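Notes follow once the structure below has been shown.
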Amino acid sequence: MNFFVRLILSSVAVLVVAYLLPGVEVNSFFTAFVLAIVLSFLNYTVKPILIVLTIPITVVTLGLFLLVINALVVLLADSLISGFYVDGFWWALVFSLLLSLTNSLLTDLSGKDQK
């Protein structure tokens, strides 16, 4: 049940961030829900592989290259999901930053991680 609540909160975060950014479009709540599922899947499968492959670049940039990896994951989700559109790399970068911030705020407000 906790995973389902996190998906709902991520869907709400996607809708909020897409509303704020003119370079990102989400057609419906269902599209946002599918995007939350796809992003969680990509973050658990593709992102660790990219991180391992780019360790030298990440070390040289003091970890800032991880932001590029996050933007690439968002662009990959853009290519996989119809109804979700990102205008380019920079919008994907801003979207990933704001989505992370919004997700963490909504998770803190929901109190689901407290024991």
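The values are calculated or read from the model by the stated rules, or taken from the named source; none is laboratory data. Note that this is a predicted model, so its numbers are computed, not measured. Using ideal geometry, Cβ is built from the backbone for each residue, glycine included, and neighbour counts are taken over all protein chains shown. Keep in mind that these areas ignore ligands, DNA and RNA; they rest on the heavy atoms of the full protein, side chains included. Shrake-Rupley method; radii C 1.70, N 1.55, O 1.52, S 1.80 Å.
Considering the dipole of the chain built from charges on the beta carbon (Lys and Arg +1, Asp and Glu -1) around the Cα centre, which of L106, F30, V68 is farthest to its positive end?
The Cα lying farthest towards the positive end belongs to L106.
Per residue, what accessible area does the chain have, given a 1.4 Å probe and all protein chains present, in Å²? The partial results should precede the final answer.
Working: 7070 Å² over 115 residues.
Value for the chain: 62 Å² per residue.
Given 0.36 nm per residue, what is the gain on full extension from S28 to S104 after removing their alpha carbon distance, in nm?
Numbers: separation 76, 0.36 × 76 = 27.36 nm, distance 2.21 nm.
Residue separation times 0.36 nm, minus the Cα-Cα distance, leaves 25.2 nm.
If you put +1 on each Lys and Arg Cβ and -1 on each Asp and Glu Cβ, how big is the dipole of the chain around its Cα centre, in Debye rounded to 20? Working shown, then result.
Numbers: 4 positive and 5 negative charges, 64 e Å.
Value, rounded to 20: 300 debye.
Hey, any idea what % of the chain's accessible area is carbon plus sulfur with a 1.4 Å probe? Could the numbers behind the result be given before it?
Details: 5140 of 7070 Å².
Summing carbon and sulfur atoms, their accessible area is 73 percent of the total for the chain.
Read phi for every residue in segment 40-54 and hand back ³J(HN,Hα) as whole Hz from Karplus 6.51 cos²θ - 1.76 cosθ + 1.60, θ = phi - 60°, with x for Gly and Pro.
Here the 3J(HN,Hα) series is 5, 5, 5, 5, 8, 10, 7, 4, x, 5, 5, 5, 5, 5, 10 Hz.
Run the helix sum for the chain: -39,500 (n - 2.57) per DSSP H stretch of 4+ residues, divided by residue count, reported at 222 nm to the nearest 500 deg cm²/dmol.
Numbers: 5 runs with 88 residues, N = 115.
Estimated from H runs of four or more residues: -26000 deg cm²/dmol.
Apply the a/c threshold of 1.5 to the C-alpha gyration tensor of segment 1-108 and tell me whether it is rounded, prolate or oblate. Present the calculation step by step, with values, prior to reporting the outcome.
Details: a/c = 1.73, a/b = 1.45, b/c = 1.19.
The shape class here is prolate.
With the contact rule set at Cα under 8 Å and sequence spacing of 6 or more, what percent relative contact order holds for the chain?
Values: 114 pairs, mean separation 40.7, N = 115.
It rounds to 35 percent for the chain.
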